[in-house]
Structures are given as structure tokens and as C-alpha cells.
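Below is one structure, written out as C-alpha cells, with a few remarks after it.
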Amino acid sequence: MGAACRMMERERTAADGGAEIGGRGAAGAAGSGSASGAAAPFAIETYTLGPIQTNAYLLTAKGPDGAEHAVVIDPGMNPKRLLERLEGVKVEAILLTHAHFDHMGGVDELRKAAGCPVYIHDLEADWLTDPRKNGSMRWQDVTPPLSTDPAEYALDEGQKLSLLGAEFLVMHTPGHSPGSVSFLCGKHLFSGDVLFKQSVGRTDLPGGRERDLYDSIRNKLYKLEQDVIVYPGHGGKTTIGSEMAGNPFTKF
Ligand SMILES: [Zn+2]
Ligand SMILES: [Zn+2]
């Protein structure tokens, strides 16, 4: 596991013991006490999956057909628990914040079970099909080489996705990887491996760039309202305001 631990060293500094593992309704709890409008138009469940404890986020809402609909952000590796939960649920989309193996490992299993499309930023579209690019070739002590079918849709900055009756804004936030995106829906930001609670994503993997990472955080994420809740790819959730005030890596 040594290599994987090194790989995620900085990310794991954000880990808070997995308090949200499999938890339900995290957003509702986080939103309590803050301004009206913070409530999500969907429920948010966190599944911490795989050897690198990657957060898969399951968003669910009742559709116009009366059935439970879902969006999955980063299905992680070994998504068995997630698949069980999704039986009978209509999955509208799998959104990927980026294509590192710990975030995309469960894509094909979930896509086959749910019959839904996959979205990823254009710059990492070919990482899904290439174990060298998605990192799985390099970290063989924790994963076999992984590849999936190509994504159905490519994302880019400023795109708006209508899912679960809500609008998701695609923010291109490169630095951890060139095609990293964050998804903003109302007061809820799914930040992948860009911004963590009290930490930031590492930039020493292929395509990573420190200057881009800090540009993404300073010029995009930190321009959001302070009470926006951040759901990172690893570790516990936080808010834009508390990271601006106390994240030791972003003392700009
Ligand atoms: Zn990553
Ligand atoms: Zn990760």
C-alpha cells in the first residue's frame, strides 16, 4: 500500500475518519442553520469506497414519474454498496470530477447496471480507456490496470447540466489534473481532488500543475459564496468560508 499512501498523502491529510461513510442526508444536516436556499433539491449520501477512501456522492430526488432518480458523482472503486442501494433507482448520470482510477474504477459496473451516460471533461476523455493515464498502471499494489468504455459526454467550463430537476454548473478547475472539474448546484459544490477540508489536491501526478491548482481555487472556488458547502473527493465536507479562513495551503 506504500505507493498508494504516498500518492494520496496530501489528500489524506484532509481525512476526518470517515464520519460520513455511508451516511444519509449529509447536506440537510450541513445546511441547517444557514441561509434559506441552502437546502439541496436532492438528498446527498456519501459512500467512501476503495483502498484510497474515495468519496462517491449519491444524489437522489423524486422524479416527475414518481420514481426515485439519482446522479452519482465519482463512483469510486468497488462500488458494491452503491449498486445495492441503486436497485430500482433511475440513475440519470454518472458525473466524474476527473479520471484518476480511484474515482472512475466503478464506472463500468455502475453504467451497465444503471444504463446511464457518463460525463467527463474533454481533456481526460481518453484517460478512461487508458490505464497509464488514469494511474491504475502505476499503483498496481492497490489496483489492477483499469479501463472503461469511453464517456458518452464531454464537459467544459460553464456548461450547465439539467439533472434531477436542478441545474449543475460545470467549473473547470485544473491543477490536480488537467481536466478536473467541480460541479456547483445551488449552495453545493462537488470539488473532486481540487479543494479538501484543510488541504488541497496534489499536483505532482501526470498533467498536474501547482499554479493551475491555486488559480482554480483562488479565482473560481473562492469567488463563490462563503456558505457554499464543499463535498471533496476525500475526507469530510467543509465550506468555502471556512477554507478561505483556515486552509493552511491557501494563505494567498
Ligand atoms: Zn485524483
Ligand atoms: Zn482521489
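The values are calculated or read from the model by the stated rules, or taken from the named source; none is laboratory data. Please read all numbers here as calculations on a predicted model, not as lab measurements. A quick note on method: Cβ atoms are made from the backbone with ideal geometry, for glycine too, and the neighbour counts reach across all protein chains shown.
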Counting only residues in the stretch 113-127 that are under 20 Å from residue 60 (Cβ atoms) and of a type outside the set (Phe, Trp, Tyr), the one farthest from ligand 1 (Cβ to nearest atom) is identified as 115
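Being under 26 Å from residue 173 (Cα atoms), of a type outside the set (D, E, K, R) and in contact with a strand residue (DSSP E or B) (Cβ under 9 Å, 6 or more places away or on another chain) is the requirement here; does residue 75 meet it? So that I can check it myself, show each step before the final result.
Values: under 26 Å from residue 173 (Cα atoms): yes; of a type outside the set (D, E, K, R): yes; in contact with a strand residue (DSSP E or B) (Cβ under 9 Å, 6 or more places away or on another chain): yes.
For residue 75, the condition - under 26 Å from residue 173 (Cα atoms), of a type outside the set (D, E, K, R) and in contact with a strand residue (DSSP E or B) (Cβ under 9 Å, 6 or more places away or on another chain) - is met.
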message = For the stretch 189-200, check the following and say yes or no: at least one residue is part of a strand (DSSP E or B), away from ligand 2 (no atom under 14 Å from the Cβ) and either under 15 Å from the mean Cα position of the chain (by Cα) or of a type in the set (A, V, I, L, M, F, W, C) (or both).
response = yes
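Those residues that are farther than 16 Å from residue 192 by Cα and either of a type in the set (A, V, I, L, M, F, W, C) or within 16 Å of ligand 2 (Cβ to nearest atom) (or both), I need them from the stretch 93-117; list them, please. Don't jump to the end; show me each part of the working.
Within the stretch 93-117, the first condition is being farther than 16 Å from residue 192 by Cα, and the residues that meet it are 93, 108-117.
Of everything in the stretch 93-117, those that are farther than 16 Å from residue 192 by Cα and either of a type in the set (A, V, I, L, M, F, W, C) or within 16 Å of ligand 2 (Cβ to nearest atom) (or both) turn out to be 93, 110, 113, 114, 116.
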The residue from 130, 141 that alone is more than 20 Å from residue 40 (Cβ to Cβ) and either touching a residue at least 60 places away in the same chain (Cβ under 8 Å) or buried (at least 24 other Cβ atoms within 10 Å of the Cβ) (or both) is 141
For the stretch 204-238, the count of residues that are outside any strand (DSSP E or B), modelled with pLDDT of 95 or more and within 13 Å of ligand 2 (Cβ to nearest atom) equals 4
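Let's see how each residue does on (1) part of a loop (DSSP other than H, G, I, E, B); (2) among the β-branched types (Val, Ile, Thr); (3) at pLDDT 50 or above:
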| site | (1), (2), (3) |
| --- | --- |
| 16 | yes, no, no |
| 20 | yes, no, no |
| 35 | yes, no, no |
| 46 | no, yes, yes |
| 58 | no, no, yes |
| 64 | yes, no, yes |
| 69 | no, no, yes |
